[in-house]
Amino acid sequence: ERLGAALPEYMVPAAFHHRESLPLTGNGKIDVKALTALAAELAAVEPDYDAPATPTEQRLAQAWADIVGVPAERISRRDHFFDLGGSSLSAVKLAVTLKRAVSLRDITRTPLLADLAALMDERAGQAGDAAPNGIGSGSSEADVGGQAGTGSAPGSGLLQPLTGTASNGVAPSGLLVCFPYAGGNAVNFQPMAGALRASGLAVYAVELPGHDLAQSSAEREPFAPLTEIVERVVGEIGAVVGALGAASVSLWGHSAGAAFALATARELHRRGITVARLFVGAQLPGDAATRRAAVADLGSRTNAEIAARLSDGGSYTELAELDSQRAEHIGAAYRHDYVAANTYLADALEHPPVEKLPAPITVVLAADDPSTARFPGRHTDWGLFAEHVELCLLVDGGHYFPRTRAGEAAKAVLAAADRVASP
């Protein structure tokens with residue numbers, strides 16, 4: 001249970017066998033061959049294992065194995081890409097490996113192997129029906145990419161479902177909508193959503209336009225201003241709540257995403273839609289002058305320099321594995337989101353809202369996050385925007401704790417929900 005709270009499912013052993021000692025070679029080193037044979041002898045085969053059956057499932061399982069480092073023979077039809085250790089950048093690598101037969105949004109929405117394979121087969125069938133003489137197997141990469149691009153075309157939904165939206169026909173207890181940090185995407189919240197899977201919450205995350213690295217530059221949407229993002233998300237939240245019958249709406253904005261979440265909460269309130277709670281992760285209001293100076297400093301850097309700084313700082317641990325064009329696009333996406341967030345917050349700090357949010361703000365920080373740890377007590381500054389502010393301080397997790405400490409971040413959400421439900 002303790003391992004499961006911090007590690008992806010594939011890293012948690014299915015069985016434990018106590019041994020008095022490990023087999024050694026004659027010179028005292030671990031006897032790998034003997035240990036491998038022993039492991040095979042003691043291995044517990046999971047009863048629900050369902051081997052990939054179709055050619056597409058088998059091809060997809062091998063692609064997953066190559067990317068996440070899990071043996072192909074251990075990958076089941078019902079396995080979840082992100083539970084096996086997939087991340088936002090490994091999802092990009094998967095889409096590229098599959099020659100964009102699926103988009104990053106497709107992988108986010110359909111992370112189960114059998115479902116994703118079925119989607120690929122459906123797309124291939126549609127391409128075959130549309131091809132002259134019914135021949136679709138010879139589709140070029142550009143043709144396949146165009147099919148995938150329909151799921152990411154302008155006007156398509158920004159909200160991506162990360163958990164099941166209902167169980168046995170029962171409406172979810174609430175809706176949690178998450179906004180990613182600068183340069184991030186909806187996949188960044190998969191670990192936290194996984195930890196909330198049994199909570200009854202429907203967890204969605206916002207996929208910002210222009211952030212899909214799997215697409216070519218010609219296919220990619222342009223970046224959108226914060227006001228447009230808010231307008232689209234507010235409309236989609238209303239549609240999702242109506243479809244699911246969710247009892248409440250909460251928002252989570254992480255780092256730069258806090259500005260997008262705050263703006264969305266204010267617009268929802270203006271339209272008479274109740275927000276139960278706003279979670280602000282790894283972000284403090286600061287002051288307007290500092291935020292404008294940060295925007296100016298970023299303006300002096302190239303996209304490549306921004307990407308290099310993100311890679312060196314550990315923000316994007318797999319960034320070095322991407323080609324230079326995609327790495328620079330992460331730099332461009334980071335610049336766009338960072339400038340939008342800091343400009344919005346600087347304006348809001350200089351011209352505070354007359355009416356504060358009735359929804360409480362829960363500020364979630366990690367004690368070892370260098371961006372906030374040097375400002376103890378400053379979480380109360382969010383009181384400029386809400387009537388009630390509270391702090392949830394995690395022992396550790398760094399700046400990206402929805403990924404590094406997903407279980408603890410999920411506990412913060414559930415603890416806040418319990419306080420709302422208590423009389």
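The values are calculated or read from the model by the stated rules, or taken from the named source; none is laboratory data. Since this is a predicted model, take the numbers as computed values, not measurements. Don't worry about glycine lacking a Cβ; one is built from the backbone with ideal geometry, like all the others, and counts go over all protein chains shown. Note: areas computed on protein heavy atoms with side chains; ligands, DNA, RNA excluded. Shrake-Rupley method; radii C 1.70, N 1.55, O 1.52, S 1.80 Å.
Please work out if Val234 is under 24 Å from Ala348 (Cα atoms), crowded, with 16+ Cβ neighbours inside 10 Å and touching a residue at least 24 places away in the same chain (Cβ under 8 Å).
Details: under 24 Å from Ala348 (Cα atoms): yes; crowded, with 16+ Cβ neighbours inside 10 Å: yes; touching a residue at least 24 places away in the same chain (Cβ under 8 Å): yes.
In short, yes.
Hey, among Ala327, Ala346, which residue is out of contact with any Asp or Glu (no Cβ under 6 Å at 6 or more places or on another chain), among the small types (Gly, Ala, Ser), modelled with pLDDT of 95 or more and surrounded by 17 or more Cβ atoms within 10 Å (Cβ to Cβ)? Give the steps one after another, and end with the answer.
Values: Ala327 fails: modelled with pLDDT of 95 or more.
Testing whether each residue is out of contact with any Asp or Glu (no Cβ under 6 Å at 6 or more places or on another chain), among the small types (Gly, Ala, Ser), modelled with pLDDT of 95 or more and surrounded by 17 or more Cβ atoms within 10 Å (Cβ to Cβ) leaves just Ala346.
Among Thr362, Thr274, Thr343, which is over 22 Å from His211 (Cβ atoms), touching a Lys or Arg at 6+ places or on another chain (Cβ under 8 Å), in contact (Cβ under 8 Å) with a residue 40 or more places away in the chain and of a type outside the set (Lys, Arg)?
Values: Thr274 fails: touching a Lys or Arg at 6+ places or on another chain (Cβ under 8 Å); Thr343 fails: over 22 Å from His211 (Cβ atoms).
Of Thr362, Thr274, Thr343, the one residue that is over 22 Å from His211 (Cβ atoms), touching a Lys or Arg at 6+ places or on another chain (Cβ under 8 Å), in contact (Cβ under 8 Å) with a residue 40 or more places away in the chain and of a type outside the set (Lys, Arg) is Thr362.
Take the range 250-275 and flag every residue that is hydroxyl-bearing (Ser, Thr, Tyr) and open to solvent by less than 10 Å² (accessible area, probe 1.4 Å).
Hit for the range 250-275 is Thr264, nothing else.
For the range 80-103, what are the residues that are open to solvent by less than 10 Å² (accessible area, probe 1.4 Å) and over 14 Å from the mean Cα position of the chain (by Cα)?
Matches in the range 80-103: Leu94, Ala95, Leu98, Val102, Ser103.
Would you call Asp106 assigned to a helix (DSSP H, G or I), open to solvent by 10 Å² or more (accessible area, probe 1.4 Å) and closer than 20 Å to Leu208 by Cβ?
Values: assigned to a helix (DSSP H, G or I): yes; open to solvent by 10 Å² or more (accessible area, probe 1.4 Å): yes; closer than 20 Å to Leu208 by Cβ: yes.
Taking the combined requirement at face value, the residue satisfies it.
Please work out if Ala416 is surrounded by 13 or more Cβ atoms within 10 Å (Cβ to Cβ), part of a helix (DSSP H, G or I), out of contact with any Leu (no Cβ under 9 Å at 6 or more places or on another chain) and touching a residue at least 24 places away in the same chain (Cβ under 8 Å).
Details: surrounded by 13 or more Cβ atoms within 10 Å (Cβ to Cβ): yes; part of a helix (DSSP H, G or I): yes; out of contact with any Leu (no Cβ under 9 Å at 6 or more places or on another chain): yes; touching a residue at least 24 places away in the same chain (Cβ under 8 Å): yes.
Taking the combined requirement at face value, the residue satisfies it.
What residue, of Ala346, Ala386, Ala332, Ala373, is in contact with a Leu (Cβ under 6 Å, 6 or more places away or on another chain) and aliphatic (A, V, I, L, M)? Working first, answer last.
Numbers: Ala346 fails: in contact with a Leu (Cβ under 6 Å, 6 or more places away or on another chain); Ala332 fails: in contact with a Leu (Cβ under 6 Å, 6 or more places away or on another chain); Ala373 fails: in contact with a Leu (Cβ under 6 Å, 6 or more places away or on another chain).
Testing whether each residue is in contact with a Leu (Cβ under 6 Å, 6 or more places away or on another chain) and aliphatic (A, V, I, L, M) leaves just Ala386.
Looking only at the range 200-230, count how many residues are under 13 Å from Val177 (Cβ atoms) and among the small types (Gly, Ala, Ser).
Total meeting the criteria: 2.
Would a scan of the range 366-380 turn up a residue that is without any contact (Cβ under 8 Å) to a residue 24 or more places away in the chain and at positive phi?
First, pick out the residues of the range 366-380 that are without any contact (Cβ under 8 Å) to a residue 24 or more places away in the chain: 373-374, 376-377, 380.
Those left that are additionally at positive phi: 377.
Yes; the residues of the range 366-380 include at least one that is without any contact (Cβ under 8 Å) to a residue 24 or more places away in the chain and at positive phi.
Residue-by-condition table, conditions (1) in contact with a helix residue (DSSP H, G or I) (Cβ under 7 Å, 6 or more places away or on another chain); (2) at pLDDT 95 or above; (3) aromatic (Phe, Trp, Tyr):
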| site | (1), (2), (3) |
| --- | --- |
| Gln190 | no, no, no |
| Ala198 | no, no, no |
| Leu213 | yes, no, no |
| Phe223 | yes, yes, yes |
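Taking the criterion of being in contact with a Ser or Thr (Cβ under 8 Å, 6 or more places away or on another chain) and part of a helix (DSSP H, G or I), would at least one residue in the range 272-284 satisfy it?
As a first pass, look at the range 272-284 and keep what is in contact with a Ser or Thr (Cβ under 8 Å, 6 or more places away or on another chain): 274-284.
With part of a helix (DSSP H, G or I) added as a condition, the list becomes none.
Looking for residues that are in contact with a Ser or Thr (Cβ under 8 Å, 6 or more places away or on another chain) and part of a helix (DSSP H, G or I), one finds none in the range 272-284, hence no.
Return the residues of the range 27-47 that are open to solvent by 70 Å² or more (accessible area, probe 1.4 Å) and modelled with pLDDT of 70 or more; say none if nothing qualifies. Please lay out each step first, then the result.
Filtering the range 27-47 for residues open to solvent by 70 Å² or more (accessible area, probe 1.4 Å) gives 27, 29-30, 32-33, 36, 40-41, 45-47.
Once the filter is applied, which keeps residues that are open to solvent by 70 Å² or more (accessible area, probe 1.4 Å) and modelled with pLDDT of 70 or more, the range 27-47 yields Asn27, Lys29, Ile30, Val32, Lys33, Thr36.
Please go through the range 194-211 and give me each residue that is hydrophobic (A, V, I, L, M, F, W, C) and assigned to a strand (DSSP E or B), ordered by number. Before the answer, list the steps.
Of the residues in the range 194-211, the ones hydrophobic (A, V, I, L, M, F, W, C) are 195-196, 198, 201-203, 205-206, 208.
Correct list: Leu201, Ala202, Val203, Ala205, Val206.
Please determine, by comparing only the residues of the range 285-312 that are in contact (Cβ under 8 Å) with a residue 40 or more places away in the chain and open to solvent by less than 20 Å² (accessible area, probe 1.4 Å), which one is nearest to the chain's Cα centre (by Cα).
Leu310
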